[in-house]
1. Would you say A:F71 is in contact with a Gly (Cβ under 7 Å, 6 or more places away or on another chain), more than 9 Å from chain B (Cβ to nearest Cβ), over 26 Å from A:I186 (Cα atoms) and open to solvent by 30 Å² or more (accessible area, probe 1.4 Å)?
2. Against the condition open to solvent by less than 60 Å² (accessible area, probe 1.4 Å) and either within 25 Å of the chain's Cα centre (by Cα) or under 20 Å from C:S254 (Cα atoms) (or both), how does C:A370 come out, does it pass?
3. Taking the condition within 7 Å of another protein chain (Cβ to nearest Cβ) and in contact (Cβ under 8 Å) with a residue 24 or more places away in the chain, does A:L117 pass?
4. Go over the candidates A:L131, A:L110, A:L97, A:L124 one by one and state the one that is touching a Cys at 6+ places or on another chain (Cβ under 8 Å) and either closer than 22 Å to A:V191 by Cα or in contact (Cβ under 8 Å) with a residue 60 or more places away in the chain (or both).
5. For A:G223, work out the one condition from (1) within 11 Å of chain B (Cβ to nearest Cβ); (2) open to solvent by less than 30 Å² (accessible area, probe 1.4 Å); (3) not in a loop (DSSP other than H, G, I, E, B) it doesn't fulfil.
6. Mind counting the residues in region C:115-149 that are within 14 Å of chain B (Cβ to nearest Cβ), among the hydrophobic types (A, V, I, L, M, F, W, C) and either within 24 Å of C:Y91 (Cβ to Cβ) or part of a loop (DSSP other than H, G, I, E, B) (or both)?
7. Kindly check whether there is at least one residue in region A:58-69 that is in a helix (DSSP H, G or I), modelled with pLDDT of 90 or more, under 30 Å from A:T250 (Cβ atoms) and of a type outside the set (S, T, N, Q).
8. Looking at region C:246-258, is at least one residue more than 30 Å from C:N357 (Cβ to Cβ) and assigned to a loop (DSSP other than H, G, I, E, B)?
Amino acid sequence: MKPLFAHLFANRFWVIAPPYVWMLVFFALPFAFILKISFAESLIAMPPYSDIWSWADDGFQWLGSINNYLFLLDDDLYYTAYFNSVRLALVATLVCLVVAYPMAYAISRLDEPYRSLFLLLVILPSWTSFLIRIYAWIGLLKNNGLINHALMSLGLIDEPLVMLHSDFAIYLGIVYGYLPFMILPIYTNLVKLDHSLVEAGYDLGARPWKVFVTIIFPLSMSGVVAGCFLVFIPAVGEFVIPDLLGGPDTLMIGKVLWQEFFVNRDWPVASAIAVVMLSFLIIPIYFYRRIEMQRLEANK
Amino acid sequence: MRAARVMLVAGLVFLYFPLLVLIIYSFNESRLVTIWTEFSVKWYIELLQDEQLMGAFFLSLQIACATAFMAVLLGTIAAYVLVNFGRFPGQTLFSSMIVAPLVMPEVITGLSLLLLFVGLSELLGWPASRGAMTIWIAHVTFSVAFVTIIISSRLREMDGSLEEAAMDLGATPLKVFFVITLPLIMPALVSGWLLAFTLSLDDLVIASFVSGPGASTLPMVIYSSVRLGVSPKINALATIFVGMILVGSFLVWWTMQRWQVYATDKKAAEG
Amino acid sequence: MPNSDAQTVIETPADVADRYALEIINVSKHFDDVAAVNQVSLSIDKGEIFALLGGSGCGKTTLLRMLAGFETPSAGDIKINGVSVLHSPPYQRPVNMMFQSYALFPHMTVEQNVAFGLKQDRMPKAEIEVRVTEVLELVQMTRFRRRKPGQLSGGQQQRVALARSLAKKPALLLLDEPMGALDKKLRMQMQLELANIIESVGVTCVMVTHDQEEAMTMADRIAIMDQGEIMQVGAPRQIYEFPNSKLTAEFIGSINLFEAVAAFDVASGGAAPCRLECAELPCTVVSNETDSRFAGPCYVALRPEKISLETSLEPADNNWVRGKIDDIAYLGSHNVVHVRLETPAGKTKIVQVHVSNFARHAKSLDFEQAVALSWEPEAVVLIKAEAA
């Protein structure tokens, strides 16, 4: 809080303006367009959708329809896809948390320079191409892939396990791809944790497990929640993972939207899918924003 | 604690094992990724001769550089505004627009931006065509969020009395920003730049939506080739990627360690 | 940006402007309806070292930040050398501050830190060089001029911070908890040294501290603040010897307070000593106070070192009580003896008395020993009981 410092910018409007206008035009405004197109009808033209209003001789006329939304309700493909996306994202988020928490805790308890080295090791993969990392699993999971090959030559299995194009592969892909996003916020919370609180817990007679449940975990809660949102929300709309690792039966809504747009070239239906997805993601996004702002305030 | 360490090691193996396999098999003579035949660099030679791939690579590189600069510029201002300006009209909207792109599913961002560009070109005639320019705008939009978060947490860690002291000694606010604030948050600016660069270089979904005919970025080319099946050429490309990033980050980490004295100085002085 | 030229009109008579380096006129500061500083007025002489003393949250730091220009007063005016600085931003005020954290720029050397303010004034390079050397010599830090702040100890950082804030020859030097970041031993040494440097430079100085010893060592005058208001202003001796409120008395040093009712012999025309009946002391108290405004309910204040403790129980008329030793605390230089009295109301009251080591041995004091306490009339300070 530096009220005076801020006050000194008599023309502070001009400081705020560049990022504000940019985000307003290129982040907020597009949602108005997506909402608009979701009421239009698909045409074979360029752009491939109809107008939803006109300013003809008789003034304003509404030409839009909710047909696209009715269409989504009509075909069980869509709500299966929505349901699947949420289910897969949720389970993968929980697995991610279970894997990430001990890792974050272990790193936070290391001494420098090992702490920053291990943190770097955790972050590094996420700096290489996401696409390539997911692609790497294809070669491992295939029926004639490396894992099946290894298991068969060890004599553990007789015929290959079906791993690629399954729910399992999607869980694996999400956990693999998003693990650093879960580790980082938990780590930043844990590293700030005053270790004397833990020692006080032991001193007062609590066993390690009890100390973890009653002291460490509650104090790292905001990192846990932020990490869960950071994994869950984008995972719901994930495209690359279901496309490369998922099978034809494991539909996720991101892939459905992609196909609607690129394969069927039906922009209005794709827009309607996006609007519906956004409308149920808006609540987690709202809570995520609150948590993220609080975490930033707490740093001060 | 021991269980946590075991998990850390297991998690790291999990993270690196697929990459390691990828790298090893990029030197395999055979087209098959399961059977090792003999060492060869022929896939690297083929990669370098693939004009489409190399063209996409240089396009992606250009977009990523331009994105990183713009994102750091906007992100620095945004972070400064969020940390130092207190309340201002429309602040909630501002912070929402900064944070939401962190979690927004890519298909939504991509589709909505495409519809914006199409709508705008109908209304205003701009953008006339889609390509590198629209991809750049889209990439800046979603990477600003990440850059802002990195820089604002550094700004918040900074001792506010340093800026006050500079002002007390006669420096105007603008001068304080350039002479005191900027040098002190420079590490965050560098990591923000690198992050925006890799985010842009990595993006498939959003670029696919907002790109036009003729402008194919590297991930778009990789994707179309990956869909056809595993190819050792992609392994070779991945190896170059991973190698570059590993070497780059270890250099950064190494310099950071050597600057440790400087870093601890800063901590002591900021107390 | 506010136009500072409009502020250069001198509104006060020249002699007043000459005398006071700083005038704080009815300054208030409200944060969301809470008054952090309430109607404070102070005039500070040129060359004076003035301390704002109070507990945390008393408003002393807010007042200091208003002087530097980091906060804007909600009401009132601040004049430096007779000129209002109310509308000047911090970077245009002839005021420099030494921050509690020192706020040394970590990416600059000692030399660059000290030169920073001079550079802002666009002083020629050669002159900057001379001035930097001058102030670094003053604080004996010339040897360290090429070091970064992180390579200096706490005491050395403080010297650099002082040099930096003196470099511009400010009309007013502000010190925010100057010893706050130092350990106790270094503190004592630096208090005197800092005060000497400031006096030798002759700069007017306002410091903020919560440490009474620091204020008394360094300052010419002290203002005690509480809840945004000034309780008492005076020289250290004056504040210690004649506290004007229960709060000041308790804040500075330790003190024994007894509820009393003062009666004055009006017929004597103010010549006769004041006599007090104390509900908490089993004797009549006589004071040299002649000011009849103390008539009625008040407190009798006695410093522990002004009470003498005797083992002989020979009674006296006034200013004499008997009690038993409740506790003895050995403090090295002296002992604090707690004596338990039976009050007329049948309760017990603990009185603190300072006894030298020599006296303690000579009298071989022990727990529960019966002792007599006595004091001179001039040791008695009267404090008006505040209207409840």
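1. It is false that A:F71 is in contact with a Gly (Cβ under 7 Å, 6 or more places away or on another chain), more than 9 Å from chain B (Cβ to nearest Cβ), over 26 Å from A:I186 (Cα atoms) and open to solvent by 30 Å² or more (accessible area, probe 1.4 Å).
2. For C:A370, the condition - open to solvent by less than 60 Å² (accessible area, probe 1.4 Å) and either within 25 Å of the chain's Cα centre (by Cα) or under 20 Å from C:S254 (Cα atoms) (or both) - is not met.
3. No, not satisfied.
4. Testing whether each residue is touching a Cys at 6+ places or on another chain (Cβ under 8 Å) and either closer than 22 Å to A:V191 by Cα or in contact (Cβ under 8 Å) with a residue 60 or more places away in the chain (or both) leaves just A:L97.
5. (1)
6. Final tally of qualifying residues: 7.
7. Within region A:58-69, one or more residues are in a helix (DSSP H, G or I), modelled with pLDDT of 90 or more, under 30 Å from A:T250 (Cβ atoms) and of a type outside the set (S, T, N, Q).
8. Looking through region C:246-258, none of the residues is more than 30 Å from C:N357 (Cβ to Cβ) and assigned to a loop (DSSP other than H, G, I, E, B).
The values are calculated or read from the model by the stated rules, or taken from the named source; none is laboratory data. Quantities reported herein were computed from a predicted structural model and do not represent experimental measurements. Note that we place each Cβ from the backbone using ideal geometry, even for glycine, and neighbour counts take in every protein chain shown. Accessible surface areas use protein heavy atoms only, side chains included; no ligands, DNA or RNA. Shrake-Rupley method; radii C 1.70, N 1.55, O 1.52, S 1.80 Å.
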